[in-house]
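Chemist: Can you keep this structure in mind? I'll have questions shortly.
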Amino acid sequence: MTAQGKTPIEVLKGLRESHAASLARTQELLKSQKQAQQAITKALKEQPRSVLDVSQATGLPSKDVLWWLAALKKYGLVAEDGMNGDYPIYKLVEEK
């Protein structure tokens with residue numbers, strides 16, 4: 001029992017109820033992030049592409065695609081694959 005006379009289970013239940021809106025927002029954000037990542041990787045599976053090409057293929061804003069590609073590159077999931085004029089081309093890194 002806690003100081004308020006509630007069991008730990010009751011305290012946790014109360015916290016879940018009081019933070020339900022925050023939890024729902026977080027779940028929706030994670031869902032949209034997963035969809036964006038899947039769309040970007042699907043576009044890159046088809047062929048190497050520039051940020052603008054990925055943006056056009058996915059319908060995502062190019063500024064968001066740039067951030068996603070930078071993060072995916074940082075973690076070794078995509079790599080640069082040459083240039084198209086002044087713009088880098090990105091490809092998926094093959095899994096080992």
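Chemist: Using amide H atoms built in the peptide plane, which far-off residues or other-chain residues are under 5 Å from Leu77 H to H?
Modeler: Hits under the 5 Å cutoff: none.
Chemist: Let me ask something else. Can you list the residues of the range 52-96 with backbone N under 20 Å from a point 7 Å past the Cα of Gln35, pointing along Cα to Cβ?
Modeler: Zone members listed by number: 54-69.
Chemist: Looking at the range 39-96, which GluC sites (Glu not before Pro) are in a loop (DSSP not H, G, I, E or B) and have at most 16 other Cβ atoms within 10 Å?
Modeler: On the way: sites: Glu46, Glu80, Glu94, Glu95; in loops: Glu94, Glu95.
Passing both the DSSP loop test and the Cβ count: Glu94, Glu95.
Chemist: Lysine pairs, Cα distance under 16 Å, 8 or more residues apart or cross-chain: how many in the range 8-92?
Modeler: Values: Lys34/Lys42; Lys42/Lys73; Lys42/Lys91; Lys45/Lys73; Lys45/Lys91; Lys63/Lys73; Lys73/Lys91; Lys74/Lys91.
Qualifying lysine pairs in the range 8-92: 8.
Any read-out appearing in this document is the output of simple, stated calculations on the displayed coordinates, not a laboratory observation. Just so you know, these numbers come straight off a predicted model, no measurement behind them. For neighbour counting, all protein chains shown are included, and Cβ atoms are generated from backbone atoms with ideal geometry for every residue, glycine included.
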